[in-house]
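Let me begin by presenting the structure, written as structure tokens, before commenting on it.
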Amino acid sequence: MPDDIPPRDDHAARGFSTRLTHAGRPSVRSHGFVNPPVHRGSTVLVPSCQDRLDNWGKRNERVMTYGTAGSPTQWALEDVVAEIEGGAHCTVVETGLAAVTAPLMACLRAGERCLMPDSVYGPARALADGLLAGWGIETTYYDPTISAAQLEALWTPNTRVLYLESPGSHTFEMQDVPALCAVARRHGAVSMIDNTWGIRHFQPFAHGCDVSIQALTKYVGGHSDILLGSITTADRELHLKIRNASLAMGHYASPDDAWLALRGARTMAVRMAQQEGAAMEVARWLQARPEILRVMHPALPQDPGHAIWKRDFTGACSLFGVVFQPDYTQEQVFRFVDNLKLFGIGASWGGFESLALPTNATLTRRVTGPLPGQAVRIHIGLEDVPDLLADLEQGLGRLAG
């Protein structure tokens, strides 16, 4: 019997944690260290001029030509991410934002149009309103809770990309991804989803998406010390189109960050399970507080998107939002956040540490209108839940001054 990992059919039947432990590793009995080494470098030497010419034509086939085209370190991470996402092909890039920009710029041209949810990640909106608009690419923002029929009514002949984010980054609306992607497919457009919240629990390709975008900075890294992103597809032709665009724009994932992400991925399942349970406990506690108008968390039965979440997701992550009662001012909510002892004030999430971030001041909602009260986005880390609840309680006690 060969000692390599079993064929994919057998491999795919195994549990998620088992697959995550073994993905990106060539053999369970390879002689050497458990983890693959870091391959750093810029210049790649070849035996002859003809070898260089032959290799240059294969630079999208995992042949080393130059540092920016990747190395075994990046390729191993790409295999792991494709495994997580349920895709076939992956490109890793230097940031989550690069993972947003590369597929959009690969698939859109002047005179074409992108449909983007009103709840979209702020830097993605800035890209659409700035660079893409300057290059003659139109972006129309739509209500993230739109139905397939309503999306169909928005469609125009020059619409080439449907962008999704489910749930939304700050307001956590759930989208009917299969129905919306079916509309895009009927029109021959590319559907893309930012699946960072859904990593581990949502399979984008099984639900009709063409491209899945990840900020590997978050749960795959897991320790708030790297910047990294990924773009995964099921279709090779689309993968090559995006990969070529990434190379042309100089997108490059550091092998050191890729190695750290590989290490982080091995423990992602257990970290996320711990954080999911803790986040649900904290969310339910906040839901019962009189200061809170509503908790924005699709895994809660009271959430407007709960039915879609229950249908399409196998679990939840550790990020959610709260909306305060309308009579609380921004100054009061800032005071609440400023007085928390265990929650840092930071824009990221998915790491081991808890965070709290007021969102109203930077939130743009052109289609769906403002939230009914001040909002705070909360990420639950690996701290003990009783300590987090005690901290939140004393912080809420500071609202009045």
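The values are calculated or read from the model by the stated rules, or taken from the named source; none is laboratory data. Since the structure is predicted, the reported quantities are computational estimates derived from the model, not experimental observations. Note that we place each Cβ from the backbone using ideal geometry, even for glycine, and neighbour counts take in every protein chain shown.
Out of everything in the range 1-41 that is surrounded by 14 or more Cβ atoms within 10 Å (Cβ to Cβ) and of a type in the set (A, V, I, L, M, F, W, C), what residue ends up being modelled with the highest pLDDT?
So the residue we want is 38.
Listed here are the residues, each with its yes/no results for (1) β-branched (Val, Ile, Thr); (2) touching a His at 6+ places or on another chain (Cβ under 7 Å); (3) over 18 Å from residue 286 (Cα atoms).
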{"position": "328", "(1), (2), (3)": "no, no, no"}
{"position": "335", "(1), (2), (3)": "no, no, no"}
{"position": "340", "(1), (2), (3)": "no, no, no"}
{"position": "345", "(1), (2), (3)": "yes, no, yes"}
{"position": "353", "(1), (2), (3)": "no, no, yes"}
{"position": "357", "(1), (2), (3)": "no, no, no"}
{"position": "371", "(1), (2), (3)": "no, no, no"}
{"position": "374", "(1), (2), (3)": "no, no, no"}
{"position": "381", "(1), (2), (3)": "no, no, no"}
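Among residues belonging to the range 54-104 that are within 25 Å of residue 209 (Cα to Cα) and of a type in the set (Asp, Glu), point out the one that is surrounded by the fewest Cβ atoms within 10 Å (Cβ to Cβ).
Step by step, filter the range 54-104, then rank; the result is 61.
Taking only the range 324-358 into account, find how many residues are of a type outside the set (A, V, I, L, M, F, W, C) and modelled with pLDDT under 95.
Total satisfying the criteria: 2.
Per-residue answers, yes or no, for (1) within 22 Å of residue 271 (Cβ to Cβ); (2) under 32 Å from the mean Cα position of the chain (by Cα); (3) aromatic (Phe, Trp, Tyr); (4) not in a loop (DSSP other than H, G, I, E, B):
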| residue | (1), (2), (3), (4) |
| --- | --- |
| 32 | no, no, no, no |
| 38 | no, yes, no, no |
| 52 | no, no, no, yes |
| 55 | no, no, no, yes |
| 60 | no, yes, no, no |
| 76 | yes, yes, no, yes |
| 81 | yes, yes, no, yes |
| 84 | yes, yes, no, yes |
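If only one of 279, 307, 288, 299 is in contact with a Phe, Trp or Tyr (Cβ under 7 Å, 6 or more places away or on another chain), farther than 30 Å from residue 94 by Cα, at pLDDT 95 or above and of a type in the set (A, V, I, L, M, F, W, C), which one is it?
Of 279, 307, 288, 299, the one residue that is in contact with a Phe, Trp or Tyr (Cβ under 7 Å, 6 or more places away or on another chain), farther than 30 Å from residue 94 by Cα, at pLDDT 95 or above and of a type in the set (A, V, I, L, M, F, W, C) is 299.
Condition check ((1) surrounded by 21 or more Cβ atoms within 10 Å (Cβ to Cβ); (2) in contact (Cβ under 8 Å) with a residue 60 or more places away in the chain) across all residues:
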site: 258; (1), (2): yes, yes
site: 320; (1), (2): yes, yes
site: 354; (1), (2): yes, no
site: 357; (1), (2): no, no
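Only residues that are within 18 Å of residue 100 (Cα to Cα) and aliphatic (A, V, I, L, M): list them for the range 129-148, please.
Selection gives 131, 132, 133, 137.
Do we have residue 285 as aromatic (Phe, Trp, Tyr) and over 24 Å from residue 20 (Cβ atoms) here?
For residue 285, the condition - aromatic (Phe, Trp, Tyr) and over 24 Å from residue 20 (Cβ atoms) - is met.
Could we say that residue 366 is among the basic types (Lys, Arg), under 22 Å from residue 118 (Cα atoms), under 20 Å from the mean Cα position of the chain (by Cα) and not assigned by TED's automatic domain parsing to the domain that holds residue 141 here?
When the stated conditions are applied, residue 366 does not pass them.
Does residue 44 count as surrounded by 12 or more Cβ atoms within 10 Å (Cβ to Cβ), modelled with pLDDT of 90 or more and in contact with a Cys (Cβ under 9 Å, 6 or more places away or on another chain)?
no
Tell me, yes or no, whether the range 124-137 has at least one residue that is small (Gly, Ala, Ser), in a loop (DSSP other than H, G, I, E, B), assigned by TED's automatic domain parsing to the domain that holds residue 102 and in contact (Cβ under 8 Å) with a residue 12 or more places away in the chain.
Yes, the range 124-137 has at least one match.
Identify, from the list 243, 266, the residue that is over 12 Å from the mean Cα position of the chain (by Cα) and within 30 Å of residue 180 (Cβ to Cβ).
Result of the check over 243, 266: 243.
Can you tell me how many residues within the range 287-308 are over 17 Å from residue 349 (Cβ atoms), in a strand (DSSP E or B) and without any contact (Cβ under 8 Å) to a residue 60 or more places away in the chain?
The number of residues fulfilling the criteria is 2.
Given the residues 191, 166, which is the only one that is buried (at least 22 other Cβ atoms within 10 Å of the Cβ), modelled with pLDDT of 95 or more and touching a Cys at 6+ places or on another chain (Cβ under 8 Å)?
191
From the list 119, 191, exactly one residue is under 23 Å from residue 82 (Cβ atoms) and of a type in the set (S, T, N, Q). Which is it?
After applying the criteria, what remains is 191.
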